[in-house]
Amino acid sequence: MSAPILLPDPPPEWLARLNPPQREAVLTTEGPVLMLAGAGTGKTAALTARLAWLVQSRRAWPSEILCVTFTNRAAREMRERVGQLIGPAVEGMPWLGTFHAIAARMLRRHAELAGVQPNYTIIDTDDQLRLLKQLIVAEGLDDKRWPARQLAGLIDRWKNRGLNPGDLDVRENESWANGKGKAFYELYQARLKALNACDFGDLLLHMLNILRSEREVLEQYQNRFKYIMVDEYQDTNQVQYLWLRLLAQERRNLCVVGDDDQSIYSWRGAEVANILRFEKGFPGAKVIRLEQNYRSTPDILGAASGLIDANSQRLGKTLWTERGDGDKLRVIGVWDGPEEARRIGEEIERLEREGAPLDKIAILVRAQFQTREFEDRFIQIGLAYRIVGGFRFYERAEIRDALAYLRLIAQPADDLAFERIYNTPKRGLGDKALERMHRHARTTGLPLLRAALELCDTADLPARSRSTLLALVRDFARWREASASFSPAELARNVLDESGYTAALQAERSVEAAGRLENLTELVRAMEEYETLGDFLEHVSLVMDNEAASDVEKVTLMTMHGAKGLEFDQVFLPGWEEGVFPSQRALDEGGLAALEEERRLAYVAITRARRRCTIIHAANRRIYGQWTSSIPSRFIAEIPAAHVESETTLSGGASLWRAQWSERDDPFAHVAAQQPARITTRGPGWQRAAAQPYDATPRRIPEPTRSAASFAAKPRADLGVGDRVFHEKFGYGTIQAQDGNKLEIDFETAGHKRLLDSFVRAAE
């Protein structure tokens, strides 16, 4: 039976300011409580007030309360806000922090029970990858076929689910290296213990194992923590849930705060089922819904609520606000991606002229590669912007690597570019090889690329290094020769393929690697707009050099995932087309569950807006020089029409996209692209094609017939107009025209191509 609540008279001001559901969540101190807090409903205010009330009402000393957050920033904010309510008493709260920080503190006290010493080291991701690679090589496996990063991702997922090596079933064991997953997990854990080290996943897993096996330790913490509180509960994973359940099962005074409609981190291991099944896991739990929104207009809330209502896996709530009427959610259809960037740029410039602060405006994208087009456009019009939660497009590591290859092709004396990529991807060329290249370059006065070529004729390097270097120099010779006839985009695709860069990312098979591949796809797409490699590299230099002053107001450009917890007056949501949002990759990998998470992400994106939200979709997206006809996202059709005003540069308007997604009962029904009458093909190469992921099929540039140092182009005497030829990628074709060493060929299956004669051979 819960103890009676005795309120002081008068109650504290901070308690009186709360609305009735918030106050109920604060004062319901005994037993399990789920505070189901919708977006913008003041859940942080209720959570901090509850924490303050537990201390002020003397139900617990500060040291008897466990309060868990997901980020250090959230923990600091919580401590500051509670301090404002109860004063210095907040300093006596040692158990307020993140899951990992609290688990690490516990583990220091009981390290020996996990097989490590109290002074154990917590290794970072780089150390983890280095250790796993050592194990893979030591066991005789090919670390290119079975990369360390892939194994690290698997081990992390196993630990997030609370699985030790002995807990892996046959399917899990078979998920790596043909049935060696369990063996390598065991080797890795043994090596960590030998090093007296833990990775981040171990902090919770070790403590879970200890709490399960050591009854005295479990009882010690159960007696210590009279109350347990958890923020962002919808983002907990399995091991966190099991850890919390053990600690709370005795007193059952567990209060969790979260929103099932904002569970968007399954790729990090988050389990939305934890919040959906809270009442089942903690019988007798009280669910208190915070539904009064203090952020957005009624139409924004109506649009978001109507959209998320299409999800079947949710607890359900209805957001409302006392704010007056505002603008309806706008849905705008444009012709293509460049028009999308122009339209948003013009809208922001208009808002700026009307006095709207730029730092209250945000553009939220589904994937990082979408930012490139906006960055280029904003540079052109001089609009200040900032990338939050990531690098500017051309500053991302994979983009800098690709640009280094291209810079070295354009300028073989670019030593900085050579230093960046001589061993990227890994080729077995270490620091000693680079040091010898530098020494030879200084002695001879040659650039590094030429010095590397000369070193291949000496004994200064091991035979294997000389062979690798010679192959790399020859590659650059071929690429430079090809740059005279290939478009910049075609050249970039070949370089990324033939260098092994694309294959290395694909081998990782991780979410991060997939994102980097998407960025490379967008880089290639950006290069399609330039006639020469030099023109493109000059454009990049101008973009990189145009960094606005830090004290200037800037438009925020970020992903939807990164925007969770933030709010802006004006929010623009571009790219709402099938395949972009919802993400086709997510649907392919996760099916219906992934679709519901994508819809939750859409809900999060819309509810970031305080005053106005604008969704934009394009009828066409360009991929590798071809145009893909797109249909609007199914999410647009799911937004109640009463909360939407639509405009489009295409005929058909709102009726078009609503008709395309009329079969809402079958979210995976294939809907043909019914394009408006005014959409027509325009000009050569303007084609409709199915959207393709980054194509890593090798398109090998043939070896030059001359020395690696020669870049002169000479026509082949054995080929002429009318001759039948063969190309490794395009198959058989017939030469239609010839200009020196450049051929125009009609291929039987690939169509008309313009190639160097060294790329083909006479058909047999």
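The values are calculated or read from the model by the stated rules, or taken from the named source; none is laboratory data. Computed from a prediction, not measured in an experiment: that's the story for all the values here. No Cβ is skipped: glycine too gets one built from the backbone with ideal geometry, and neighbour counts run over all protein chains shown. Quick note on the areas: whole protein, heavy atoms, side chains included, nothing else; ligands and nucleic acids left out. Shrake-Rupley method; radii C 1.70, N 1.55, O 1.52, S 1.80 Å.
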>> Give me the dipole magnitude in Debye, nearest 20, for segment 377-472 about the Cα centre, with unit charges on the beta carbon: positive for Lys and Arg, negative for Asp and Glu.
In response: 280
> Hey, what did segment 118-189 get for relative contact order, percent, Cα under 8 Å, at least 6 apart?
Replying inline: 27
> In whole Å, what is the distance between the alpha-carbon centres of segment 83-155 and segment 567-606?
Replying inline: 31
> Just how large is the dipole of segment 82-240 about the Cα centre, in debye to the nearest 20, putting +1 at every Lys and Arg Cβ and -1 at every Asp and Glu Cβ?
Replying inline: 180
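Give, rounded to the nearest 20 debye, the magnitude of the charge dipole that segment 1-95 has about its Cα centre when Lys and Arg contribute +1 at Cβ and Asp and Glu contribute -1 at Cβ.
Rounded to the nearest 20 debye, it is 200 debye.
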> Loop-only check: which chymotrypsin sites (Phe, Trp or Tyr not before Pro) in segment 347-424 are DSSP coil with at most 15 other Cβ within 10 angstrom?
Replying inline: F391
>> Please list the three semi-axes, largest first and in whole Å, of the ellipsoid equivalent to segment 152-228, using sqrt of 5 times the eigenvalues of its alpha carbon gyration tensor.
In response: 28, 14, 11
> Mean separation of Cα pairs under 8 Å and 6+ residues apart, divided by the residue count of segment 562-648: what relative contact order is that in percent?
Replying inline: 38
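Using helices alone, what [θ] at 222 nm do you get for the chain, with -39,500 (n - 2.57) per DSSP H run of 4 or more residues, divided over all residues and rounded to the nearest 500? Could you put the intermediate results ahead of the total?
On the way: 30 runs with 331 residues, N = 764.
Result for the chain: -13000 deg cm²/dmol, rounded to the nearest 500.
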> Where does helix 43-56 land angle-wise versus the long Cα axis of the chain, in degrees 0 to 90, nearest 10?
Replying inline: 40
>> If I fit a long axis through the Cα atoms of helix 431-444 and take the longest principal axis of the Cα atoms of the chain, what angle between them do I get, 0 to 90°, rounded to 10?
In response: 40
> How much of the accessible area of the chain, in percent, comes from carbon and sulfur atoms when a 1.4 Å probe is used?
Replying inline: 48
> Measuring from the lowest to the highest alpha carbon on each principal axis, how far does the chain reach, largest first, in angstroms?
Replying inline: 100, 66, 51
>> How many angstrom lie between the Cα centre of segment 159-235 and the Cα centre of segment 475-545?
In response: 41
> With every protein chain left in place, what is the accessible area per residue of the chain in square angstrom, probe 1.4 Å?
Replying inline: 44
> Toward the positive end of the charge dipole of the chain, about the Cα centre and with charges on Cβ (Lys, Arg +1; Asp, Glu -1), which of L351, L408, L36 goes farthest?
Replying inline: L36
> Given a cut-off of under 8 Å on Cα pairs at least six residues apart, what relative contact order in percent is computed for the chain?
Replying inline: 14
> Under 22 Å Cα-Cα from K432, which lysines qualify once same-chain neighbours fewer than 8 residues away are excluded?
Replying inline: K133
>> Among G722, N423, L129, whose Cα projects farthest towards the positive end of the dipole of the chain, with charges put on the beta-carbon of Lys, Arg (+1) and Asp, Glu (-1)?
In response: L129
> Taking K753 as the anchor, which lysines have their alpha carbon closer than 18 Å to its alpha carbon, excluding any fewer than eight residues away along the same chain?
Replying inline: K729, K742
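If we sort 632-638, 733-739 on the protection proxy, mean other Cβ atoms within 10 Å, highest first, what's the order? Walk me through the numbers on the way to the answer.
Values: 632-638: 24.3, 733-739: 15.9.
So the peptides 632-638, 733-739, ranked by packing, come out 632-638, 733-739.
If you stretched the chain out fully between Q117 and D457, how much longer would it get, using 0.36 nm times the residue separation minus the C-alpha to C-alpha distance?
117.1 nm
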> In the chain, with Lys and Arg counted as +1 and Asp and Glu as -1 at Cβ, which of these residues, T69, N19, T749, has the Cα nearest the positive end of the dipole, that is, farthest along it?
Replying inline: T69
>> Show me the trypsin sites (Lys or Arg not before Pro) within segment 236-266 that DSSP assigns to loop and that have at most 13 other Cβ atoms within 10 Å of their Cβ.
In response: none
>> Please enumerate, by chain and number, the lysines with C-alpha under 17 Å from the C-alpha of K286, excluding those fewer than 8 residues away in the same chain.
In response: K43, K317
> Against the longest alpha carbon principal axis of the chain, how many degrees, from 0 to 90 and to the nearest 10, is the axis of helix 298-308 turned?
Replying inline: 70
